[in-house]
Amino acid sequence: QDTSSYILPPYDRAPQITMRYGQSSESGLDWSVMGETTRFEADYSRLPREYWSSLRNGTRSYTQAQVSRPLTSSWGYITPKVQLHATRYDLQSPLSDGSTSVNRVLPTFSLDSGLVFERETTWLGKGLTQTLEPRLFYVRTPFRDQSMLPLYDTGLTDFSLATIYSDNPYVGQDRIVDNNALTVGLNSRFFDSTTGAELLRLGIAQRVRFSDQRVNLSSTPYTIAPGDSKGLSDLLLGASTRWTETLSLDGAIQ
């Protein structure tokens, strides 16, 4: 690259220790605990000093506990879930306010629910079972200003029919979004009545935010990124089909 731009070095995990434990009780209660400690180190000695303020070696430790109670039947399901995410940063260089350690504790509540309707039908003389599956997913996480925290391993996932039902659109642990949103979706699947193989899947989903999402990957607090404002998200349409025994096709439109 030319002298006016530089490649920021990635952080090494030196080391990373992760521990997970979970259990499902006979009463149907599912719970799990995950803990992780990572030392993030990057060599930025070759960068100009004005870049150093945005790169901070440090240690991040977090614990995530969650409890859910799936209620399922042949005609649908409803799953309430509560999560608690506690994180601590111990940084080698101070933040803008002079602190070298930061604590963040955030709860998340979500409610996932769906119904399943079935009917027998035929297409080109072939017996099929068609389903109609409406789904509602609500998630609530309060706002915490996280713009001062470093971005060690966090990035935005693609907006898709899978991630629209997630409680956090980021991978990594450096950002937990403030959420007050409801996702509404509808799937229809076609199965071979003889073999049970799924031949075709059609889906549509849209999310409505009841308040602006203020947490993002920007270092400026209280900014609203495009697509994170209150109101309706883009509409997602998807389809997948099993063309042959060895070939399937999948597509989506936003």
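Solvent-accessible area per residue for the stretch 166-241 at a 1.4 Å probe radius, Å²?
Accessible area per residue, the stretch 166-241: 47 Å².
Using only the alpha carbons, work out the radius of gyration and Dmax of the stretch 162-254 in angstrom.
Cα radius of gyration and Dmax of the stretch 162-254 are 17.4, 57 Å respectively.
All other residues with a Cβ under 15 Å from the Cβ of Tyr62 taken together, and with Lys, Arg as +1 and Asp, Glu as -1, what is their net charge?
+4
Whole-Hz Karplus ³J(HN,Hα) for the stretch 143-156, in order, using 6.51 cos²θ - 1.76 cosθ + 1.60 and θ = phi - 60°, x for Gly and Pro?
7, 9, 5, 10, 5, 7, 6, x, 10, 7, 9, 10, x, 8
Any idea what diffusion coefficient the stretch 210-254 gets from Stokes-Einstein, in µm²/s, Kirkwood Rh on alpha carbon pairs, 4 °C, 1.567 mPa s?
Approximately 95 µm²/s, per Stokes-Einstein.
Which one is right for this structure if Cα extents along the principal axes in Å is calculated from it: (1) 52, 50, 34; (2) 72, 51, 36; (3) 65, 46, 38?
Here the calculated entry is (2).
At 1.4 Å probe size, with the rest of the protein present, what percent of the exposed accessible area of the chain is carbon and sulfur atoms?
In the chain, the share of accessible area belonging to carbon and sulfur is 56 percent.
Between Asp12, Asp112, Asp212, which gets the highest mean-square fluctuation from a Gaussian network model of the chain, Cα cutoff 10 Å?
Asp12
Taking amide H positions as placed in the peptide plane 1.01 Å from N, state which residues far from Asp12 in sequence (5 or more) or on other chains have amide H under 5 Å from it.
Close amide H contacts, sequence-distant or interchain: Glu41, Ala42.
Using just the C-alpha positions of the stretch 1-134 as equal point scatterers, what log10 of I(q)/I(0) does the Debye formula give at each q in 0.11 1/Å?
The Debye formula, applied to the Cα set alone, gives -0.69.
Dipole size in debye (nearest 20) for the stretch 79-187 around its Cα centre, Lys and Arg Cβ +1, Asp and Glu Cβ -1?
200
Once you've got the GNM for the chain with C-alpha springs shorter than 10 Å, pick whichever of Gln16, Gln213, Gln64 has the biggest mean-square fluctuation.
Gln16
The values are calculated or read from the model by the stated rules, or taken from the named source; none is laboratory data. Worth saying up front: this structure is predicted, and the values here are computed from it rather than measured. Note that each Cβ is placed from the backbone with ideal geometry, even for glycine, and that neighbours are counted across all protein chains shown. Side chains are part of the model used for accessible areas, which takes the heavy atoms of the whole protein and leaves out ligands, DNA and RNA. Shrake-Rupley method; radii C 1.70, N 1.55, O 1.52, S 1.80 Å.
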